[in-house]
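The values are calculated or read from the model by the stated rules, or taken from the named source; none is laboratory data. Values in this document were obtained by computation on a predicted structure and should not be read as measured data. Backbone-built Cβ (ideal geometry, glycine too); neighbour counts: all protein chains shown.
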Amino acid sequence: MKFIDLGLSGKTLKAIEACGYTQPTEVQEKTIPKIINGANLVVRSQTGTGKTAAFGIGLVERVISGSTSKALVLTPTRELAIQVCAEMQELGAKHGLRTCSAYGGQKITIQLRNLEKKYDILVATPGRLQDLCNRRRVDLSNFNMIVLDEADHMLDIGFQKEVLDILSRLPRKRVTLLFSATIDKQIEGIVSRYMPNSEFIEIGDQEIVSTINEEHIELSHADKVSTLHRILDSHRGVKTLIFMRTKHGVLKLKRKLEKRKIDGVGMLQGNMEQNKRNRVISGFKNGSISTVVATNVAARGLHIDKVGLIVNFDEAENKETHLHRVGRTGRMGAEGKVINLISYDEPRKPNHRNRKGRCRGSRSQKPPGGGRGPGHRQSPLGSPNSSGGRKQSPKYRGRRKR
Ligand code: AMP
């Protein structure tokens with residue numbers, strides 16, 4: 001199928017060509033015609049399959065036909081808001097559509113100024129949008145289309161109240177689209193309450209894409225850094241993203257890598273100012289930064305071309321987060337590699353924090369089983385830990401209990 005077969009306007013086809021897309025992806029083929037027709041959709045699709053352009057193209061077509069007056073895209077993170085806004089601007093440029101963004105971490109005065117001029121599409125994070133609504137600077141009753149992007153993550157990081165508030169401020173007669181790589185019970189609750197008569201579209205399995213090769217290395221916690229050095233040495237020239245659990249851990253590891261004179265190391269974590277984060281993202285995109293150490297702030301939605309290696313220095317909290325981290329590589333059918341460092345003697349640390357930093361889990365200093373070493377602890381990925389060596393496994397094998 002070609003884009004022209006989806007019945008798109010000439011200007012949108014030109015914008016798609018300018019983006020360099022020659023053929024629609026599966027999610028685009030299956031959703032764009034339905035979005036244009038005004039369907040409410042719940043779409044589960046693996047990361048990196050072209051979800052943004054799927055809703056972006058549909059949304060632009062609806063706005064230019066006049067069937068949508070104003071459209072809102074909600075994203076969980078600032079980075080994703082910036083990225084989605086850039087893609088919407090590209091897709092709407094030839095029609096003269098104006099897209100604005102509003103997210104935390106940037107001065108609200110800049111955004112207020114932007115919102116004073118007429119615009120067609122608003123891309124926002126829930127907290128900042130709610131703030132703008134409370135200040136009466138955005139009137140959601142004018143928006144008759146909403147896209148909830150990465151909806152599961154939005155709820156995971158504690159935005160449920162804001163999302164429900166935003167949904168309740170929108171007109172009842174509207175188009176609602178929900179996109180996510182994973183759909184869970186919480187999402188189903190929102191769907192049944194706010195999206196009656198919606199259609200579910202599922203693309204592929206809720207699994208890691210087949211072009212990603214995943215390896216597990218079981219080791220002592222003390223050996224993680226030296227093992228990481230060896231991994232980086234053997235992957236020189238490969239764009240690498242290293243995931244850790246805490247902001248503090250990210251900072252420490254970045255310093256260690258710099259001490260060992262590893263060039264082009266950047267970090268992404270929630271305590272950084274937005275402009276610093278943006279600099280790292282653009283450096284990673286243009287290749288001046290080749291290795292980024294990050295918390296899960298980088299796990300969702302970021303499109304960085306040609307990330308060849310993901311190292312899970314600390315394992316993900318759950319299967320969904322693991323899928324999102326892994327989804328930063330192997331995008332659009334490219335080859336990708338994931339290495340999970342699994343330590344058998346790591347103390348359990350609290351890591352289920354809500355947005356305000358309060359810990360939901362219980363603190364335990366000792367590993368299950370009292371830190372007895374290899375062979376005693378269930379591997380985080382579900383396999384018994386005994387070898388201390390390298391294992392091959394194509395999939396993440398299960399949610400871990402904490
Ligand atoms: P997403 O799933 O929205 O995160 O998109 C993943 C990547 O695919 C982004 O870098 C897009 O620019 C790119 N992309 C989206 N649609 C297409 C297409 N039809 N052909 C080629 N690349 C695409």
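Need the failing condition index for Ser45 against (1) farther than 19 Å from Ala86 by Cβ; (2) surrounded by 23 or more Cβ atoms within 10 Å (Cβ to Cβ); (3) modelled with pLDDT under 95; (4) out of contact with any Phe, Trp or Tyr (no Cβ under 8 Å at 6 or more places or on another chain), just the number.
Evaluating Ser45 over (1) farther than 19 Å from Ala86 by Cβ; (2) surrounded by 23 or more Cβ atoms within 10 Å (Cβ to Cβ); (3) modelled with pLDDT under 95; (4) out of contact with any Phe, Trp or Tyr (no Cβ under 8 Å at 6 or more places or on another chain) leaves (4) as the failure.
Determine, yes or no, whether Ser290 is of a type in the set (S, T, N, Q), assigned by TED's automatic domain parsing to the domain that holds Val326 and touching a residue at least 40 places away in the same chain (Cβ under 8 Å).
yes
Do any helices (runs of 4 or more DSSP H) entirely within the stretch 206-322 hold 2 or more residues that are under 30 Å from Cys19 (Cα atoms), and if so, which?
Here the list reads 274-286.
Taking into account only those residues within the stretch 1-24 that are buried (at least 19 other Cβ atoms within 10 Å of the Cβ) and β-branched (Val, Ile, Thr), which is farthest from the ligand (Cβ to nearest atom)?
Within the stretch 1-24, the match that is farthest from the ligand (Cβ to nearest atom) is Thr12.
When the stretch 114-147 is examined, which residues are found to be of a type in the set (Val, Ile, Thr) and under 18 Å from Ile82 (Cα atoms)?
Ile121, Val123, Thr125, Ile146, Val147, listed by residue number.
Of the conditions (1) assigned to a helix (DSSP H, G or I); (2) more than 29 Å from Asp156 (Cα to Cα); (3) among the hydrophobic types (A, V, I, L, M, F, W, C); (4) within 13 Å of the ligand (Cβ to nearest atom), Ala53 satisfies every one except a single condition; which number is it?
So Ala53 meets the others, but not (2).
Restricted to the stretch 32-50, and to residues that are away from the ligand (no atom under 12 Å from the Cβ) and part of a helix (DSSP H, G or I), which residue is farthest from Arg193 (Cα to Cα)?
Ranking the qualifying residues of the stretch 32-50, first place goes to Pro33.
Might you let me know whether the stretch 353-368 holds any residue that is at pLDDT 85 or above, buried (at least 16 other Cβ atoms within 10 Å of the Cβ) and not in a helix (DSSP H, G or I)?
no
Does Lys306 satisfy the condition of being modelled with pLDDT of 75 or more and within 16 Å of the ligand (Cβ to nearest atom)?
Yes.
Taking the conditions exactly as written (in contact (Cβ under 8 Å) with a residue 60 or more places away in the chain, within 26 Å of Arg172 (Cα to Cα), within 16 Å of the ligand (Cβ to nearest atom) and not assigned by TED's automatic domain parsing to the domain that holds Lys285), does Arg62 satisfy them or not?
For Arg62, the condition - in contact (Cβ under 8 Å) with a residue 60 or more places away in the chain, within 26 Å of Arg172 (Cα to Cα), within 16 Å of the ligand (Cβ to nearest atom) and not assigned by TED's automatic domain parsing to the domain that holds Lys285 - is not met.
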